[in-house]
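Encoded as structure tokens, the structure appears first; notes follow it.
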Amino acid sequence: MVRSSRTPGASFRPARTGSHQRASSGAAVVALILAAACSKPAAWGEATSLIVVAPDRIWEQVEDSTYVALEPSILTTREESKFQVTQVDPADAELEDLLVFRQVIVLGTPDSPLVRKAADQEGMTIETPSLFTASDVWARGQLVTVVVAEPGREAETWLGLLDEMIERIDERYRSWALERMFVSGIDSVTADSLDRRFGFSLQIPKVYQFVVREGPQDTVVILRNDNPDPSELIRSVLVTWRPRLLELSEEVALGWRAAIDSVHYNVPQRIEPSGREPRSFRVGGAEGLELTGTWIDEGTFPAAGPYIVRLIQCPEKTVFIDAWLYAPRKPKYEYMIQLEHILDSFTCGAGSAASP
């Protein structure tokens, strides 16, 4: 039985509950998969789609806790799950298709053929209970997480390792998202220019556009990536500053944001705060305040997306950063990781500290 919170591919239509005909022999399915492993296909499916291979009788005991742990949400234009879980029994006819996804999680005992295959791929000894990862087991470019349980204690082992499992999966996914972002390389020229001219620095990929707008009252730096098509994907980071404020507050951040969007964006944006408490943080040794929410275009074309606003106290000025994402009909976790990385790379810098 395939159980899913979301359809992971076009080859079938899984549901969280329901059933379809079981393969006549689960062992035969596994044998066929293992025999075909010598000619591995490229992994497919979204990197946020997690295929969990676990017996139905065990899944019934851990399903609710697993969805809570493996499908944590982030706020974009709505609450959106970071990952989507699809469970399949090892004896299911759909197993062969699902084992070539990018992210596979296997629950089994030491004698499970799937567990042994993953361990052999890494050249490791199977220990019980344990959690290990393997690459390219059934497909190229694949990551497999394996939970090895004592026979009769599968559910207890799974639940005991859930926190470590999601931590590993999320860490790997973040690394993958950043590798994708920096495939063009780091733009050290722009970082040096920002530091020299304006006294701050950010780490961005080379594909980002770098625009400076000098005004009578302020200077604005816009870093933007709208590849491959602005109608499909935009990542924007705007930076400006004022003489150092006495304190950072939500009212200052929202007022500053309202003052810049109608002037510096092609279409004015109305913002809706998330309702979450502002987050205090430190970046590059500087004190900061962060707000999140949703922006909505005020023009005739319906467009919206998540934003992150930050105020940062540099030695002689307060820096305002507005980062926003437009990615209609796309999972947004990857792009939010990328924007957060750019924001977290901020340093007050050693260049000019003059205020505009």
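No value in this document is a laboratory result; all are computed from the given coordinates. Since the model is a prediction, treat every value here as computed from it, not as a measurement. Note that we place each Cβ from the backbone using ideal geometry, even for glycine, and neighbour counts take in every protein chain shown.
Odds and ends about this structure:
- Between the amide H of Ser49 and those of Gln84, distances stay under 5 Å, these residues lying 5 or more places away or on another chain, with hydrogens modeled in the peptide plane.
- The shape of region 188-344 comes out rounded: with a ≥ b ≥ c from the C-alpha gyration tensor, a/c is under 1.5.
- Helices in the chain, meaning DSSP H runs of at least 4 residues, each add -39500 (n - 2.57). Divided by all residues, the mean residue ellipticity at 222 nm is -9500 deg cm²/dmol.
- Proximity of backbone amide H atoms, modeled 1.01 Å from N, is registered between Glu287 and Gln313 at under 5 Å, excluding neighbours fewer than 5 places apart on the same chain.
- Spin-label pair Arg78-Val263: with each label point 7 Å from Cα along the Cα-Cβ axis, the two points sit 3.6 nm from one another.
- Pairwise label distance in nanometres, Val207 with Ser39, each label 7 Å out on the Cα-Cβ vector: 3.3 nm
- Seen against the Cα atoms of the chain and their longest principal axis, helix 188-198 is set at about 30 degrees.
- Restraint check, Lys117/Lys332; Lys82/Lys317; Lys40/Lys117, Cα-Cα greater than 25 Å: Lys117/Lys332; Lys82/Lys317
- Computing FRET efficiency as 1/(1 + (r/R0)^6) for Glu156 and Asp64, where r is the C-beta to C-beta distance and R0 is 22 Å, gives about 0.90.
- For the pair Ser175 and Leu233, label points projected 7 Å from Cα toward Cβ lie 2.2 nm apart.
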